[in-house]
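Below is one structure, written out as structure tokens; the observations come after it.
The values are calculated or read from the model by the stated rules, or taken from the named source; none is laboratory data. As the structure is a computational prediction, the values presented were derived from the model and not from experiment. Note that we place each Cβ from the backbone using ideal geometry, even for glycine, and neighbour counts take in every protein chain shown. Heads up: the accessible areas ignore ligands, DNA and RNA and are worked out on the full protein's heavy atoms, side chains in. Shrake-Rupley method; radii C 1.70, N 1.55, O 1.52, S 1.80 Å.
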Amino acid sequence: MSVIRVNYLPEFHFGDDAVLLTVDGDGLDAFAAAVADARANRSSRLLHDGVAHEFHIEPGAARIELSPERVEWRLDEAKATEIAKDLNALSAPRSGHCYVDMTVPADTLVISRDEYTDIVYPWVSPKHTH
């Protein structure tokens, strides 16, 4: 089974809050396909392990809205392109990660391939918005 998990992690990135997207190779491929579909069609949906990932391309957006069953990715075209390029860079069969500047619920999205895959973080709800 592929891995696609999204967690809000307080103080994860050098003491700052971050959103962690954890994927393995198959999860990366599925997630990248959903981002590509959203870029082409302005929206897309990916259902994985009981969690619906909904992608929306919106002017000026760089936010992730999180709940245990649903993740809404609201991205402008530039942010969606940046994420697509990062996913492509991570497509080589080795572990690694990329950082993406976001606005909500944290300033940083960490996209991690084959790192943290054995760790299942408990659900933490974002307590604030920017």
Going by the conditions given, is LEU87 assigned to a strand (DSSP E or B) and buried (at least 19 other Cβ atoms within 10 Å of the Cβ)? no
In segment 35-67, the residues that are over 25 Å from PRO10 (Cβ atoms), free of Cβ contacts under 8 Å to residues at least 40 places away in the same chain and surrounded by fewer than 20 Cβ atoms within 10 Å (Cβ to Cβ): ASP37, ALA40, ASN41, ARG42, SER43, SER44, ARG45, LEU47, HIS56, GLU58, PRO59, GLY60
Scanning segment 90-130 for residues that are in contact with a helix residue (DSSP H, G or I) (Cβ under 7 Å, 6 or more places away or on another chain) and open to solvent by less than 40 Å² (accessible area, probe 1.4 Å), the one nearest to LEU9 (Cα to Cα) turns out to be ILE111
